[in-house]
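Have a look at the structure below before the remarks.
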Amino acid sequence: QVQLVESGGDLVQPGGSLRLSCAASGSLFSITIMAWYRQAPGKQRELVASLTRSGSTNYADSVKGRFAISRDNAKNTVYLQMNSLKPEDTAVYYCNAMHPYQGAYWGQGTQVTVSS
């Protein structure tokens, strides 16, 4: 089994930065894609950034140039560096791990609030 725990969410001013962490327990050996999603109140959960096993990344247009997804295999951790934060980035951010047969694993979410 894979368990994901997000951390790093906080209240931050517009233009500020945060680094979210997703610590994984269990093996990520069979995981093909790691991703960060976010969900604001009353809105659907949306894909923010993804990272394949080969290192390819993909970002939502709204965060391109501002966010960066990365991983540290030794620590079994995935990160989301968020810069130049905007109020519209306010959401609960979820870590996701995709297994080709077992489906998606999700973390509990961490709250990011961007406000002055």
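The values are calculated or read from the model by the stated rules, or taken from the named source; none is laboratory data. Here the structure is a predicted model, which is why all the values come from computation and not from measurement. Using ideal geometry, Cβ is built from the backbone for each residue, glycine included, and neighbour counts are taken over all protein chains shown. The area values use the complete protein model at the heavy-atom level, side chains included, leaving out ligands, DNA and RNA. Shrake-Rupley method; radii C 1.70, N 1.55, O 1.52, S 1.80 Å.
Note on LYS75: aspartates and glutamates with a C-alpha under 18 Å away, same-chain residues under 8 apart excluded, are GLU6. Stretching the chain fully between ASN83 and GLN1 yields a gain of 26.3 nm (0.36 nm per residue, less the alpha carbon separation).
Projecting the Cα positions of ASN96, GLY8, GLN44 onto the charge dipole of the chain (unit charges on Cβ atoms of Lys, Arg, Asp and Glu, taken about the Cα centre) puts ASN96 furthest along the positive direction. In the stretch 19-75, one over the average inverse separation of all distinct C-alpha pairs is 12.6 Å, which is the Kirkwood hydrodynamic radius. Remark: spin-label model distance ASP61-ALA74 equals 4.0 nm, labels positioned 7 Å along the Cα→Cβ axis. Assuming charge only on the beta carbon of Lys and Arg (+1) and of Asp and Glu (-1), the dipole of the chain about its Cα centre is about 140 debye to the nearest 20. For the stretch 65-111, the Kirkwood estimate of hydrodynamic radius, built from reciprocal distances between every pair of different alpha carbons, is 12.5 Å. Computed from backbone phi with θ = phi - 60° and the Karplus coefficients 6.51, -1.76 and 1.60, the 3J(HN,Hα) list for the stretch 7-19 is 7, x, x, 6, 8, 9, 6, x, x, x, 10, 9, 10 Hz; x is used for glycine and proline.
Under 5 Å from the amide H of ASN76 lies no amide H of any residue 5 or more positions distant or on a separate chain, with H modelled from the backbone and absent for Pro and chain starts. Comparing TYR105, TYR37, TYR79 in a Gaussian network model of the chain (Cα springs below 10 Å), the most mobile by mean-square fluctuation is TYR105.
On average, how much accessible surface per residue is there in the chain, in Å², for a 1.4 Å probe, leaving out ligands, DNA and RNA?
On the way: 6300 Å² over 116 residues.
On a per-residue basis, 54 Å².
Net charge dipole, the stretch 64-111: roughly 120 debye, given to the nearest 20, about the Cα centre with Cβ charges of +1 for Lys and Arg and -1 for Asp and Glu. Computed from the C-beta positions of ARG19 and ARG45 and an R0 of 22 Å, the FRET efficiency is 0.55 to the nearest 0.05.
For the pair ALA104 and LEU11, label points projected 7 Å from Cα toward Cβ lie 3.0 nm apart.
All alpha carbon pair distances within the stretch 30-112 were sorted into 10 Å bins beginning at 0; the resulting P(r) in whole percents reads 17, 53, 27, 3.
Can you tell me which lysines have their Cα less than 18 Å from the Cα of LYS64? Leave out same-chain residues fewer than eight positions away. Here the lysines satisfying the reach criterion relative to LYS64 are LYS86.
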